[in-house]
Amino acid sequence: MQSVTVLGSTGSIGVSTLDVLARHPQRYSVFALTARERVTELAQQCRRFAPRYAVVADEKGARALREQLAGEAPGTEILWGVEGLCRVASDPQVDAVMAAIVGAAGLRPTLAAVEAGKKVLLANKESLVMAGPVFMQALEKSGAQLLPIDSEHNAIFQCLPQPCADLDQAGVEKILLTGSGGPFRTRPENELHRVTPDEACAHPNWSMGRKISVDSATMMNKGLEFIEACLLFGARPDQVEVVVHPQSIVHSMVQYRDGSLLAQMGEPDMRTPIAHALAFPERIGSGVAALDLIARGRLDFEAPDARRFPCLRLAREAMDAGGSAPTVLNAANEVAVEAFLQGGLAFTSIPAVIERVMKSAEPVELTGLDAVETADRSARALAQRALEELS
Ligand code: NAD
Ligand code: MG
């Protein structure tokens with residue numbers, strides 16, 4: 001029996017994770033559930049899974065959850081704040097932690113799970129991108145096992161021999177990172193400045209939270225994933241190529257020296273990578289139907305349009321610059337995306353904000369968590385200024 005903490009249990013990944021866990025009650029029990037808002041949903045999850053802990057944002061949220069539960073789920077203790085999140089991510093009784101909080105807010109709890117040597121299922125790519133070397137050093141030091149949930153990285157992981165300490169030794173030439181191109185792949189470019197948040201969040205293949213949906217529409221999601229791939233697999237930037245694949249059936253590929261190209265395919269449903277990572281190296285049911293290739297009919301591939309998607313270039317530049325540049329890229333993107341979602345920034349100004357911040361931020365070395373958080377904070381301040389200038 002494995003005890004699992006689900007950070008961000010009310011989100012898109014959190015709900016899919018609970019769906020998979022519920023299919024295997026003999027194998028998994030839920031140790032903790034966490035959410036920032038949507039207390040009613042969290043209360044329902046607590047009644048259903050009876051976790052040892054539930055974690056909310058603050059004391060007010062804790063009161064609201066207690067009222068909602070009204071004595072049901074009596075075994076569930078309510079905690080709050082980052083401290084509560086870190087506690088349930090690192091508790092000695094926990095075996096696995098699903099890191100599915102969105103954005104930089106996930107950094108401390110995810111790192112707490114890594115430092116405590118847990119099996120960490122990483123959906124929260126922002127925490128890895130923003131803290132790169134600090135995150136990887138913590139991983140090495142604790143010996144925690146990191147399993148990628150991002151469908152592309154989970155696919156790459158599945159296409160590599162395991163364990164794989166060195167891509168060259170494994171005969172790998174390249175990683176082909178696939179991306180659908182999002183909802184605006186073929187939209188006339190002169191219309192992009194007036195697309196709405198709801199249009200940006202209407203992804204053709206995946207149903208996801210709003211922040212990652214906007215990232216998919218700008219292709220910053222692929223930019224973050226490019227950095228994520230370099231870090232997770234020790235790939236050089238020139239070894240990772242982005243390929244647009246509108247159907248989201250091939251989740252990514254690994255090209256070997258002998259001409260072999262291995263792909264992992266499946267329906268676009270996050271329960272597959274979640275089940276894979278939860279059970280690795282075994283395989284369990286996920287609730288996802290087998291892929292019917294004949295019904296699907298065709299798979300298309302094309303090169304990304306660099307002009308339409310400047311975020312891809314910005315992410316490459318950040319990776320090349322190293323140090324705090326990916327931290328700055330991520331922070332500026334989070335601020336710009338939030339402003340777009342609130343109606344305060346044009347879609348096409350998202351990369352403009354990020355580029356301004358990247359040009360003006362002071363580069364620093366990421367020597368530890370403090371340096372990461374300082375770089376994140378100052379990039380957010382610069383992004384606020386850029387927002388005022390651009391809107
Ligand atoms: P979501 O917005 O649906 O859910 C986010 C969860 O995090 C919610 O439970 C929310 O309450 C919690 N949360 C948000 N802000 C918080 C804060 N400040 N403190 C504590 N908790 C907070 O997002 P999602 O789509 O599930 O994505 C979660 C993560 O997984 C993101 O990093 C995303 O990039 C990654 N991811 C998602 C998908 C997907 O299909 N949805 C695929 C790959 C990777
Ligand atoms: Mg992905």
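Annotations for the structure displayed:
- Close amide H pairs (under 5 Å, H built 1.01 Å from N) link Lys174 with Gln255, residues at least 5 positions away or on another chain.
- Qualifying GluC sites (Glu not before Pro) in segment 1-99, DSSP loop, other Cβ atoms within 10 Å at most 13: Glu37, Glu72
- Whether the chain is rounded, prolate or oblate, judged on the alpha carbon gyration tensor where a/c under 1.5 counts as rounded: rounded
- Here's the picture: charge each Lys and Arg Cβ at +1 and each Asp and Glu Cβ at -1 in the chain, and of Pro109, Ser213, Thr17 the one pushed furthest to the positive end of that dipole is Thr17.
- DSSP finds beta bridges in the chain, and of those with both partners inside it, around 25 percent are antiparallel.
- Segment 322-391: GluC sites (Glu not before Pro) in DSSP coil with no more than 15 other Cβ atoms inside 10 Å: Glu365
- Lysine pairs in the chain with Cα atoms under 18 Å, if 8 or more residues apart or on separate chains: 6
- Placing a label point 7 Å from the Cα of Gln145 along the Cα-to-Cβ direction, the residues of segment 256-286 whose backbone N falls under 19 Å of that point are 272-286.
- When the Cα positions of Leu231, Gln162, Ala200 are compared along the charge dipole of segment 156-268, Ala200 comes out farthest toward the positive end, with charges on each C-beta of Lys, Arg, Asp and Glu.
- HN-Hα J in Hz across segment 81-86 - Karplus 6.51, -1.76, 1.60, θ = phi - 60°, x for Gly and Pro: x, 4, 4, x, 4, 5
- Note on the chain: with charges restricted to the Cβ of Lys and Arg (+1) and Asp and Glu (-1), its dipole about the Cα centre is near 680 debye.
Quick note: the coordinates plus some simple rules give every number you see, no bench work behind them. It should be emphasised that the depicted structure is a prediction, and the values quoted were computed from it without experimental measurement. Here Cβ is always computed from backbone atoms with ideal geometry, including for glycine, and neighbour counts include all displayed protein chains.
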